[in-house]
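Take a look at the structure below.
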Amino acid sequence: MSVTVLVGAQFGDEGKGKIVDYLAADMDMVVRFQGGDNAGHTVVNEFGVFKLHLVPCGIFKKDCKVFAGTGMVVNPDELLKELSEIKSKGVDVSNMYISSRAIILMPYHIQLDTLSEKGGTSIGTTKRGIGYAYADRARRNALRFEDLLDLQHCRKRIDTIIGTINAELSAKGGEPVTADEVFEKCKAWAASFGQMIVEPVTFINKAIERGEKILFEGQLGAMKDIDLGIYPYVTSSNPVAAYAAVSAGFPISKISEIIGVMKAFSSAVGAGPFPTEMEAAEGDGFRGDGKNVDDEFGARTGRARRLGWLDLPVLRYAAVINGFTSIAICKIDKLDIYDEIKVCTGYKLDGKEIDYMPSAYRLYDVEPIYVTLKGWKQDTSKIREYNELPLNARKYIEFIEANVGVKLKYIGVGPARADIIVKE
Ligand code: GDP
Ligand code: IMO
Ligand code: MG
């Protein structure tokens, strides 16, 4: 039995894409289990540089099946575009499957998201329609990929849902859509995706029974979970490990490993509290000018990411809610230039140290408690053995391990697949 779930341990963009691409070498299937094309997962390997939005990062491993799972909201046009871009770089994309139960993210979801973000209540979404696609799922007003398999039935579903969609579009000042135009899109998607759509529960459980190695790839991170994150500045799904089992429909007891991916410091995109946020100048060493693949600009939206020192309360919280069996830390090399590195070890709220993660509106008021660790001022990017890392880099890693209580097994020292140290 080998089911591994990999999730973000902070606010997203921790380096999940790089680690999934690395681990895929050993996998028979990689499944994306939530989110949509709000994701930007960067992969740098022998095929080139990719920022994947919907396609799971196992696509580069020959013979590895990749699966857009039930918990996802999939924009079919974006998926077709992405597959064709990947194919044009010489990658075989014939092993891509989509859950028949995955939600179809429609152009009107993007319109609604964009209109909402114009209002005074913007939360800085990626404007990819994510919240509205999940809202339609919750109110049972969405189309799923299974609807493309029977066009007569599909037309009836569109006629049923169209009134609610147009009422909402009109209320927000958007352009109404006709059932005919939605149906035309569905007919085209049916022709493009027919062969890829599979019944997910049998597909995945049979693979588990056959003893295949399966990796579930999460999107975003613990702090942006709709229930457990900084609500309302969150996404509209659950990027926590347990949701892999819920959405795919397999027993949670089948999960053998849960890998949390973290960055050596903190970053976030969008509005909301961010306790260890730095002054802009402090983060210059991390951010770069946008010319390098690993500069701190959003892989989906290109927005400059907000940057901060490492926040151990966030990591401990992520470890508690996910149950990490190991952690992968990315971007250790980005700390190479610092004389001193600040780490937040706890929070004070109303003058008292606290041992829980407060609600978002109270998180604005916490006072981070910092310790300062010594930097190593040495290039780590060529190092491949743990013991060859500078002493202070090892101390940094071991300080995190001791504070979070989870082993840091993978250490990223550069953006490419090969830039990794495995710590035994
Ligand atoms: P994801 O959404 O979690 O897959 O992460 P993103 O791809 O959005 O952001 C992670 C960024 O860090 C990308 O620019 C990666 O190329 C880069 N990256 C990942 N691991 C490392 C690492 O170990 N060192 C460096 N320098 N860059 C890394
Ligand atoms: P990956 O998978 C970083 C953020 C948005 C916004 C909030 C809600 O690459 O880590 P949404 O469009 O989901 O309704 O936006 O979540 N956000 C991300 N931030 N990385 C991502 O994905 C993100 N996907 C969404 O900035 O704050
Ligand atoms: Mg990203």
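Structure notes:
- Angle in degrees between helix 107-118 and the longest Cα principal axis of the chain, rounded to the nearest 10: 50 degrees
- Distance (nanometres) between label positions extended 7 Å along Cα→Cβ at Ala418 and Thr178: 5.7 nm
- Angle in degrees between helix 179-193 and the longest Cα principal axis of the chain, rounded to the nearest 10: 70 degrees
- Under the criterion of Cα pairs below 8 Å and six or more residues apart, the relative contact order for the chain equals 20 percent.
- Each part gets one Cα centre, and for region 42-72 versus region 220-239 those centres are 23 Å apart.
- Comparing region 73-224 with the 2.2 N^0.38 Å rule of thumb, its C-alpha radius of gyration ratio is 1.15 (two decimals).
- When the helices of the chain are scored as -39500 (n - 2.57) per DSSP H run of n ≥ 4 and the total is divided over every residue, the value at 222 nm lands at -9000 deg cm²/dmol.
- Two-decimal log10 I(q)/I(0) for region 106-194, as the Debye equation yields it once each C-alpha is a single scatterer, q = 0.13, 0.16, 0.24 Å⁻¹: -0.43, -0.64, -1.25
- Alpha carbon Rg of the chain, scaled by the compact-globule rule 2.2 N^0.38 Å: 0.98
- Fewest-first ranking of Phe399, Phe250, Phe67, using other Cβ atoms within 10 Å as the exposure measure: Phe399, Phe250, Phe67
- Proxy reagent accessibility, fewest Cβ within 10 Å first, across Arg128, Arg394: Arg394, Arg128
- Packing around the peptides 215-221, 131-137, 163-169, taken as the average count of other Cβ atoms within 10 Å per residue, puts them in this order, highest first: 215-221, 131-137, 163-169.
- Acute angle (nearest 10 degrees) that the helix 151-171 long axis makes with the longest principal axis of the chain, alpha-carbon atoms: 60 degrees
- DSSP beta bridges in the chain [antiparallel fraction, %, rounded to 5]: 40 percent
- In percent, rounded to a whole number, the relative contact order of region 292-424 is 29, using alpha-carbon pairs under 8 Å and six or more apart.
Throughout, read-outs are computed from the coordinates displayed, never taken from laboratory work. Given the structure is predicted, the values throughout are model-derived calculations rather than measurements. FYI the Cβ positions are ideal-geometry reconstructions off the backbone, even for glycines, and counts take in every protein chain you see.
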